[in-house]
Amino acid sequence: MKHRLSLQRYLVLLAVMLTASVGDTLLSHGMTQVGPVSLHNLGMLFVALRNPWVITGILCLLGFFASYLSALSWADLTFVLPATAFGYVVVALLSQFWLKEYLSIYRWLGIVLIVCGVGFVANGPSLTEHAPHPGADIDPLIANTPEPNA
């Protein structure tokens, strides 16, 4: 049986994709302003937590985590993760046009290959059907209770 996704579930997947992409891009922008962090200057992480771009990126990633948990509650991981792979394109576009990063043709080809793989996953079911195992409807607390002597 094939599972059809409702509009609400498609919107949750869209939220997973966009909040992760935008959050990662905001973190990258903020960390370029903060500067390098290494084992010798871990205190810079606390400096980073005062940067508005980093704070906004963290908030977006909290939104990502909430929508990701929601999606995993009704779909398999092997469906959710690939279904949101278009986020790689969003990150690449934001990186190239907002962060002014250079993306070689090889990076673009890699992104295209990843996104093409989504087509294979999108045709499959969103949730694996499991056959009920014997005794699945029996309460385990009741099943282990000894019978009273008559």
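Things worth noting here:
- Among TYR102, TYR10, TYR88, a tally of other beta-carbon atoms within 10 Å of each Cβ gives an order, fewest to most, of TYR102, TYR10, TYR88.
- Least to most buried among LEU113, LEU94 (fewest other Cβ within 10 Å first): LEU113, LEU94
- Once both labels are positioned 7 Å from their Cα atoms along Cα-to-Cβ, the gap between TRP108 and THR78 label points is 3.4 nm.
- Listing MET31, MET44, MET17 from fewest to most neighbouring C-beta atoms within 10 Å gives MET44, MET31, MET17.
- In this rough spin-label picture, where each label sits 7 Å from Cα along the Cβ direction, the MET44-LEU14 distance is 3.8 nm.
- Mean sequence separation of contacting Cα pairs (under 8 Å, at least six apart), scaled by the length of the range 7-127, corresponds to a relative contact order of 34 percent.
- Cα gyration tensor, the range 7-127 - rounded (a/c under 1.5), prolate or oblate: oblate
The numbers here are math on the coordinates, done by the rules we state, and not lab data. This is a predicted model, so every value here is computed, not measured. Note that we place each Cβ from the backbone using ideal geometry, even for glycine, and neighbour counts take in every protein chain shown.
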